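J.: First, the structure itself, so that you have it in front of you.
The values are calculated or read from the model by the stated rules, or taken from the named source; none is laboratory data. Bear in mind the structure is a predicted one, so any value in this text is a computation, not a measurement. Cβ placement follows ideal geometry from the backbone for every residue including glycine, while neighbour counts extend to all protein chains displayed.
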């Protein structure tokens, strides 16, 4: 005789968590991600510790990179190689350059619907690289889940802000703080659920 009540059927599908959009970025102690001309010497001239502030481990957790056109071009100028091993999506209002690598997609879609579709696709987490204008647009569309900000112990006085200046109020939940021997502090925040 079977006991009364609901039967529990096991699903053959593995449980997966939704893909997260994570901003993982370095900023000066006064909140800039680059000088006004895009120069990063204040950041790139620092000796990198083993594990590069957790960046090597972070890169294994993502399979998609999102960036703005200026950040894409600046990355190429610094010697970045984009290939088809991971998906690279560049948000741009202009046509893609003729010499764009085959693994790089250029889009001009509205952020909210685009990210919704991207999250529904199978895969690892998504890295929103920047720049400040794109981060602000994603933030305003509630399309960011987490921030990992590596605060570099230097003031540069002026530059491109971490997030483009607009009136907003976005509460954050501190997940962790990590201090490195060279004075860099890494702050990991999750956006409060009512902010997303």
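J.: Pick from 135, 144: which is under 15 Å from the mean Cα position of the chain (by Cα), buried (at least 16 other Cβ atoms within 10 Å of the Cβ) and in a loop (DSSP other than H, G, I, E, B)?
T.: Of 135, 144, the one residue that is under 15 Å from the mean Cα position of the chain (by Cα), buried (at least 16 other Cβ atoms within 10 Å of the Cβ) and in a loop (DSSP other than H, G, I, E, B) is 144.
J.: Looking for something out of contact with any strand residue (DSSP E or B) (no Cβ under 7 Å at 6 or more places or on another chain), part of a loop (DSSP other than H, G, I, E, B) and at pLDDT 85 or above - is there at least one such residue anywhere in the range 21-30?
T.: Yes: one or more hits.
J.: Hey, another quick one. Within the range 97-130, can you find the residues that are surrounded by fewer than 16 Cβ atoms within 10 Å (Cβ to Cβ) and either in a strand (DSSP E or B) or touching a helix residue (DSSP H, G or I) at 6+ places or on another chain (Cβ under 8 Å) (or both)?
T.: Scanning the range 97-130 gives 105, 107.
J.: Would you please list the contacts, defined by Cβ atoms under 6 Å and residues six or more apart or on different chains, that run from a residue in the range 169-194 that is more than 15 Å from residue 150 (Cα to Cα) to a residue that is exposed (fewer than 11 other Cβ atoms within 10 Å of the Cβ)?
T.: Hits for this filter: 192/171.
J.: Could you list all residues from the range 164-191 that are loosely packed, with under 10 Cβ neighbours inside 10 Å, touching a helix residue (DSSP H, G or I) at 6+ places or on another chain (Cβ under 9 Å) and in a strand (DSSP E or B)?
T.: Those that are loosely packed, with under 10 Cβ neighbours inside 10 Å, touching a helix residue (DSSP H, G or I) at 6+ places or on another chain (Cβ under 9 Å) and in a strand (DSSP E or B): none in the range 164-191.
J.: OK, next. What pairs come out if I take residues in the range 94-123 that are closer than 15 Å to residue 68 by Cβ and pair them with residues that are surrounded by fewer than 10 Cβ atoms within 10 Å (Cβ to Cβ) whose C-beta lies under 8 Å away, six or more apart or interchain?
T.: Filtered contacts from the range 94-123: 106/95; 108/93.
J.: Being free of Cβ contacts under 8 Å to residues at least 40 places away in the same chain and buried (at least 17 other Cβ atoms within 10 Å of the Cβ) is the filter here, so list the residues in the range 81-91 that pass it.
T.: 82, 87, 88, 89, 90
J.: Scan the range 147-163 for residues that are surrounded by 18 or more Cβ atoms within 10 Å (Cβ to Cβ) and either free of Cβ contacts under 8 Å to residues at least 24 places away in the same chain or in contact with a helix residue (DSSP H, G or I) (Cβ under 7 Å, 6 or more places away or on another chain) (or both) and jot them down.
T.: Within the range 147-163, 150, 152, 156, 160, 161, 162, 163 qualify.
J.: If I filter the range 47-63 for residues that are assigned to a strand (DSSP E or B) and either modelled with pLDDT of 90 or more or crowded, with 18+ Cβ neighbours inside 10 Å (or both), do I get at least one hit?
T.: Among the residues of the range 47-63, at least one is assigned to a strand (DSSP E or B) and either modelled with pLDDT of 90 or more or crowded, with 18+ Cβ neighbours inside 10 Å (or both), which makes the answer yes.
J.: I would also like to ask the following. Taking the criterion of being in a strand (DSSP E or B), modelled with pLDDT of 85 or more and more than 24 Å from residue 37 (Cβ to Cβ), would at least one residue in the range 75-87 satisfy it?
T.: The answer is yes; a qualifying residue exists.
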